[in-house]
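Read the structure below first, then the notes.
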Amino acid sequence: AGPEVENAALQHPAVAECAVVGAPDSDRGTVVKAFIVLKQGYEGSDDLTQDIQTFIKGAIAPYKYPRQIAYIDSLPKTQTGKLQRYKLKE
């Protein structure tokens, strides 16, 4: 449920944009991975990652939270603004 996780993440005060994809995992097969663009004044860190994960667990079913979070400067989009998820999976 990518959009559900994305919407929950966007409610966090540090998150400007978010995209969620399935990422390969040796233990689980596939896990939820969130690519997050932070708002100005925030910097990615282990503490922020844990805070965002805890925040999402409180907003939706806890098992849906992103097990991996990557901080990026911008999400890949087409010229019309549509998110290019396939680029995030690469």
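Within the stretch 52-63, identify whether any single residue is assigned to a loop (DSSP other than H, G, I, E, B) and among the β-branched types (Val, Ile, Thr), and answer yes or no. For the stretch 52-63, residues assigned to a loop (DSSP other than H, G, I, E, B) and among the β-branched types (Val, Ile, Thr): present.
The set of residues from the stretch 64-80 being polar (S, T, N, Q) and assigned to a loop (DSSP other than H, G, I, E, B) comprises SER74, THR78, GLN79, THR80.
Okay, residues lined up against (1) without any contact (Cβ under 8 Å) to a residue 40 or more places away in the chain; (2) open to solvent by 30 Å² or more (accessible area, probe 1.4 Å); (3) within 14 Å of GLY2 (Cα to Cα):
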residue	(1), (2), (3)
THR30	yes, yes, yes
ILE36	yes, no, yes
LYS39	yes, yes, no
THR49	yes, no, no
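Looking only at residues of the stretch 54-85 that are polar (S, T, N, Q) and out of contact with any strand residue (DSSP E or B) (no Cβ under 7 Å at 6 or more places or on another chain), we find that the one that is least open to solvent (accessible area, probe 1.4 Å) is THR78. Residues in the stretch 1-17 that are assigned to a helix (DSSP H, G or I), touching a residue at least 40 places away in the same chain (Cβ under 8 Å) and open to solvent by 50 Å² or more (accessible area, probe 1.4 Å): GLU4 alone.
The values are calculated or read from the model by the stated rules, or taken from the named source; none is laboratory data. What you are looking at is a predicted structure, and each value in this text was computed from that prediction instead of being measured. Virtual Cβ from ideal backbone geometry, glycine too; neighbours counted across all protein chains shown. Each accessible area value is taken on the protein alone, full model and side chains, heavy atoms only, with ligands, DNA and RNA left out. Shrake-Rupley method; radii C 1.70, N 1.55, O 1.52, S 1.80 Å.
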